[in-house]
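Report on the structure given below.
The values are calculated or read from the model by the stated rules, or taken from the named source; none is laboratory data. Given the structure is predicted, the values throughout are model-derived calculations rather than measurements. Cβ coordinates were reconstructed from backbone atoms using ideal geometry, including for glycine residues, and neighbour counts include every protein chain displayed.
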Amino acid sequence: MKALDWKGISLCVVIATLIWFFNALNKTYTTRIRFPVIFKTKQNNVVPVNDPPNSLEVEVTGQGWSLFRKNFGIGVEPVIIDLINVLRVKNFPTKAFLPIFSIQFKDIKINQIIPDTIKLDYNNVISKEIYLDLPISQVDLKEDYRITSPIQIAPNRVTFTGASSLVEALGDTIFLSIKAEDGISKNYNDYVAIQYPVHKHLKPKVEKVRVSFQVSLFVQHNQLIPIELLNFPADSSATIDERSVILEYWLRKEKENRVRTDTIKAIVDFRARNKKDSTITPMLWIPQDLTNTKVTPSKVKIHYGKYTKNRNNRRDRSR
């Protein structure tokens, strides 16, 4: 029995396949092919908010050879589509593009474009001046450090240019922020990046601005302040139990020896009493360098003596 001639058999299979393939390419087919496109508009100062598609799927009919070349992009140039009224029209019917495809690809029949409508969003190009601000809450300060000077931003206004919807979405003010891993503990003077939505059709005149401010260390203090009574009855018919209040405050470290804390006063004025609950809120006289002050107790209770009660009873009987 003779051995099979595998080389001959393989050659025959290849030749048969090629014959079938070439015959198939001579037939007519209907299929879908994605063609590259470039959308343009002749209107000045107009940009797309979202990039239009760079290709469209098209249903075509044609000879196998032509479809084969188109499918692999052989000799296929992008279809240029000129748009009009892009500011007023948002939804474009793709059947309007059929003649453009037919002119460019004369060897095949253009049946339809999928989908039948595409949405394109174009805006006018505008410029707008926007204020910059840096809230203290957006500055990473080291614990017990605080900003002790006005925050300087230069420039404090920046002009943005781009698609109108993107520019208007920025509002009137952009808030800066300063992040520091270990917290800021010394005077600050550096450039800070402006945070805004990144888009190729939205550009600020400058990307960074200089920010400067001073910081200081603050120390917490607690001080016992004697209470001074004011306008209380001379007969001691109304009294309070407290003789002092505790004042909690913060003071800049460098001013600890320069601020006279002995001038602090706590005044309890009988005329300022709340008659409904018989309480008085102490009034504090403190130096202006003290911050975040807190008084304990925040209110003191008035106690009325026997003389007052007897007098009230006599009034009731007389009625």
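Among the residues making up the range 53-90, those that are hydrophobic (A, V, I, L, M, F, W, C) and within 30 Å of ASN124 (Cβ to Cβ) are LEU56, VAL79, ILE80, ILE81, LEU83, ILE84, VAL86, LEU87, VAL89. Of the residues screened, VAL259 is one that is modelled with pLDDT under 90 and within 30 Å of SER137 (Cβ to Cβ).
Out of all the residues in the range 150-172, is one or more of a type in the set (Gly, Ala, Ser), at positive phi and under 16 Å from the mean Cα position of the chain (by Cα)? So far as the range 150-172 goes, yes, one or more of its residues are of a type in the set (Gly, Ala, Ser), at positive phi and under 16 Å from the mean Cα position of the chain (by Cα).
Restricting ASP235, ASP269, ASP277, ASP241 to residues that are modelled with pLDDT of 95 or more, among the charged types (D, E, K, R) and not assigned by TED's automatic domain parsing to the domain that holds TYR196 narrows the list to ASP269.
Among the residues of the range 95-120, those that are closer than 27 Å to HIS199 by Cα and surrounded by 14 or more Cβ atoms within 10 Å (Cβ to Cβ) comprise ILE118, LEU120. Being at pLDDT 95 or above and hydroxyl-bearing (Ser, Thr, Tyr) is a condition met by at least one residue of the range 125-134. When GLN220 is tested against (1) under 24 Å from THR293 (Cα atoms); (2) surrounded by 12 or more Cβ atoms within 10 Å (Cβ to Cβ); (3) not small (Gly, Ala, Ser), exactly one condition is not met: (2). State yes or no: is ALA154 of a type outside the set (Lys, Arg), farther than 30 Å from LEU87 by Cβ and either modelled with pLDDT under 95 or not assigned by TED's automatic domain parsing to the domain that holds GLN138 (or both)? Here the answer is no, as ALA154 does not meet what is asked. Within the range 84-108, the set of residues being touching a helix residue (DSSP H, G or I) at 6+ places or on another chain (Cβ under 8 Å) and either hydrophobic (A, V, I, L, M, F, W, C) or not in a loop (DSSP other than H, G, I, E, B) (or both) comprises PHE105, ILE108.
Taking the range 203-223 as the range and being out of contact with any Ser or Thr (no Cβ under 8 Å at 6 or more places or on another chain) and among the aliphatic types (A, V, I, L, M) as the test, the residues that pass are VAL206, VAL209, VAL211, VAL219.
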